[in-house]
Amino acid sequence: MSITSDTTVGALATLHPLATRVFARHGIDYCCGGGQSLSAVCDERGLDLTGVLAEIEAALAERTVEEVHWGERPLSELIDHILVTYHEPLREELPRIEEMVRKVHAVHGDKDRPCFDGLLRTFLAIKADIEQHLPKEEQILFPTIKAGQGAMAMGPMHVMEMEHETLGGMLREVRSLTNDFTLPEGACNTWRALWAALEDLETSLHEHIHLENNVLHPRAREQ
């Protein structure tokens, strides 16, 4: 597949997983926003299209390990990968990040009350949404797909994708509140660790949702 300005970011992420490193660097949403063309995304974020294309080509040229193309692997294997790589770590990481958010809010909240109040409120909403979302997939959707009955799960997949869209909006709010995770001068170590953890969370959730929205669900609908 040749990469052009009209290629959607979701297709790029599916066929060339290394391109997601470039997307993460520029805050490009390739999961819920996967249907947008590379040109449209660059226009929206004020990015130089030629430069982004060059970065993607450079990333693909630096392959050191064989990429896993999940569009070609068995669906049961993909589901197991999602559970181990994303679901299990989220259950450990979300409480850790909440502790940091609360600490930074308590210590530094007066420095920028709208930012820190908004960040605490938005992160708690993200955590609550994820905690009620994961069991739905694990107990209903994933077993149905593993049983080869994905075509019978159109409704649950639609609901999951709507919840993904809501989560994507909250991730964008976090990026906005943190000014693209830009640290102010003199930020303490906990503040630095929090910004890094939130950026890592965004990257992981983009990868996670992309695999479900753009790979797992379309293939399951054809079962």
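Throughout, read-outs are computed from the coordinates displayed, never taken from laboratory work. What you see is a predicted model; the values in this text were computed from it and never measured. Methodologically, a virtual Cβ is constructed for each residue, glycine included, from the backbone with ideal geometry; neighbour enumeration extends over all protein chains shown.
Could you pull out every one of the lysines with an alpha carbon less than 19 Å from that of K103, ignoring same-chain neighbours closer than 8 positions?
The qualifying lysines are K111, K127.
What label, among (i) 19.5; (ii) 18.6; (iii) 24.2, belongs to Kirkwood radius over Cα pairs in Å computed from the structure on display?
Correct label is (ii).
Just name one of A61, A193, G118: the one whose Cα is farthest towards the positive end of the charge dipole of the chain (beta-carbon charges, Lys/Arg +1, Asp/Glu -1).
Farthest towards the positive pole: G118.
Quick one: 3J(HN,Hα) in Hz for the stretch 34-51, Karplus 6.51/-1.76/1.60 with θ = phi - 60°, rounded, Gly and Pro as x.
With coefficients 6.51, -1.76 and 1.60, one gets x, x, 7, 6, 4, 4, 5, 5, 5, 4, 5, 9, x, 9, 7, 4, 4, x Hz.
Given Cα pairs under 8 Å that are at least 6 residues apart, what percent is the relative contact order of the chain?
30 percent
To make sure I understand, if each residue's beta carbon is the centre and we count other beta carbons within 10 Å, what order do K127, K136, K111 fall in, fewest to most?
Working: K127 17, K136 14, K111 11.
Sorted ascending by nearby Cβ count, the order is K111, K136, K127.
Could you work out how far the C-alpha centroid of the stretch 41-120 sits from that of the stretch 172-190, in angstrom?
The distance from the Cα centre of the stretch 41-120 to that of the stretch 172-190 comes to 15 Å.
Over all directions, how big on average is the projection of the convex hull of the alpha-carbon atoms in the stretch 66-168, in square nanometres?
Value for the stretch 66-168: 8.4 nm².
Would you please put 51-57, 112-118 in order of how densely packed they are, using the mean number of other Cβ atoms within 10 angstrom per residue and starting with the highest?
Per-residue Cβ counts within 10 Å, averaged per peptide and sorted highest first, yield 51-57, 112-118.
Taking K136 as the anchor, which aspartates and glutamates have their alpha carbon closer than 17 Å to its alpha carbon, excluding any fewer than eight residues away along the same chain?
In chain and number order, the partners are D80, E88, E161, E163, E165, E212.
Hey, fewest Cβ within 10 Å first, where do Y86, Y30 land in order?
By the 10 Å Cβ count, ascending, the order reads Y86, Y30.
Find how much the distance from D117 to Q132 grows on full extension, using 0.36 nm per residue of separation minus their present alpha carbon separation; answer in nm with one decimal.
Stretched fully, the D117-Q132 segment lengthens by 3.1 nm.
Can you list, bin by bin at 10 Å, the percent of alpha carbon pairs in the stretch 109-193, starting at 0?
Calculated P(r), rounded to whole percents: 15, 36, 23, 16, 9, 1.
Based on Cα coordinates alone, diagonalise the gyration tensor for the stretch 9-61, multiply each eigenvalue by 5, take square roots, and list the semi-axes in whole Å, largest first. It would help to have the intermediate numbers written out before the result.
Numbers: eigenvalues 43, 37, 15 Å².
Here the semi-axes work out to 15, 14, 9 Å.
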